[in-house]
């Protein structure tokens with residue numbers, strides 16, 4: 001080392017850059033004017049951009065949009081260092097691929113305490129999520145949770161569409177969680193830091209819905225004592241979720257279609273044209289295509305909304321998720337009321353697996369909360385479940401062929417897997433629901 005002090009070698013700028021280039025996290029640093037002055041090798045790998053393409057450029061221009069998406073606090077130069085919590089978002093790489101990243105933002109301060117810029121550290125978790133899905137492990141997507149292959153497919157769709165602004169139409173029965181899917185798409189998208197505005201089209205009176213959507217000016221009608229922004233204007237830069245969109249009247253369908261085509265509207269009673277930038281998500285518990293065939297819904301509006309369709313499966317088609325959801329709701333209730341999480345007997349679980357859940361996840365949550373109260377902190381038995389479930393269990397025995405499981409084989413599988421029922425079911429070559437039913441029918445196996 002020619003006698004050079006070790007500290008001086010490692011403080012050289014080229015050595016520091018070498019260290020940062022060998023980190024497993026991508027690093028981007030920009031000044032208060034958003035000019036990028038550092039971009040490490042991992043950032044190049046994750047984003048697909050070469051540092052020569054981005055250094056010295058405004059980060060919004062270098063990536064074609066704010067790299068931080070809706071979380072960006074530098075769309076206008078802030079007067080002081082903003083507080084930015086850690087978050088996850090979806091980015092579009094240089095070759096158009098969507099990647100899921102975890103982002104940590106640190107505001108840098110100069111010697112005088114003034115804002116000197118931003119350091120963004122991020123890591124790619126796309127492949128990690130994919131591996132968890134393939135392994136059948138429980139996966140969270142926003143407030144959604146599941147491990148059934150049908151729900152994992154929905155999670156993949158959410159991740160795939162989040163980075164794009166194309167309209168998404170979510171179909172599914174009442175209680176399946178359509179708004180949660182819409183919220184997850186928004187949260188995974190570059191618009192995540194901007195407003196998410198849900199609108200229940202079926203709950204708004206016909207006389208008020210136009211004003212609710214587009215706003216009104218003072219004196220437009222009786223009671224309009226001041227100018228008022230509509231939901232589309234409030235959501236500018238973010239996402240509008242039109243729930244139960246099939247309930248819109250023909251007249252409102254025409255106005256919505258015009259807005260989707262032009263991105264502009266006039267407030268009720270106003271003459272000024274308002275332009276907004278929003279992403280449209282919609283949902284219904286009916287088939288929009290059938291509504292078009294019955295001439296209750298405009299075909300041109302259908303094609304505007306149904307660019308990317310997502311079908312949310314009913315709970316009866318994803319019964320492998322029922323034990324997972326029950327555990328989730330029990331833990332939520334226990335945490336809320338400071339109680340221990342009650343155990344669920346196999347007999348009670350068997351009843352819940354055989355029920356058809358017409359109210360889907362919402363009904364399941366209600367049933368779990370009911371049982372949580374009734375069991376008084378002890379183990380949940382069938383008698384603690386709502387009457388509807390107990391009556392269904394008594395009147396509607398299971399139909400269809402059921403694979404026979406030998407008690408000896410089940411005992412051996414549970415012993416080999418240390419009591420892990422998911423692994424035991426895999427070892428036995430049956431679904432989790434089949435094993436849970438067996439356990440519920442054989443009291444010699446303790447819960």
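For residue 125 and residue 266, the difference between the fully extended length at 0.36 nm per residue and the C-alpha to C-alpha distance is 46.5 nm.
FRET efficiency for residue 258 and residue 387, Cβ-Cβ distance as r, R0 = 56 Å, nearest 0.05? Here the calculated transfer efficiency is 0.65. With the simple model of a label 7 Å out from the Cα in the direction of the Cβ, residue 420 to residue 165 spans 4.5 nm.
Once the Cα-Cα distance is subtracted from the 0.36 nm per residue extended length, the residue 45 to residue 362 segment shows a gain of 109.9 nm.
Using 0.36 nm per residue and subtracting the Cα-Cα separation, the extra length available between residue 411 and residue 308 on full extension is 32.4 nm. Each label was represented as a point 7 Å from its Cα along the Cα-to-Cβ direction; for residue 441 and residue 221 these points are 5.9 nm apart.
Calculated from the structure, mean projected area of the Cα convex hull in nm² equals which of (i) 21.0; (ii) 31.6; (iii) 28.4? The value matching this structure is (ii). Placing dummy labels 7 Å off each Cα toward the beta-carbon, the span from residue 156 to residue 296 is 3.4 nm.
All of the numbers you see were taken from the coordinates with simple rules; none came from a lab. Everything numeric here is computed off the predicted structure, so don't read it as measured data. Every residue, glycine as well, gets a Cβ built from its backbone with ideal geometry; the counts of neighbours run over all protein chains shown.
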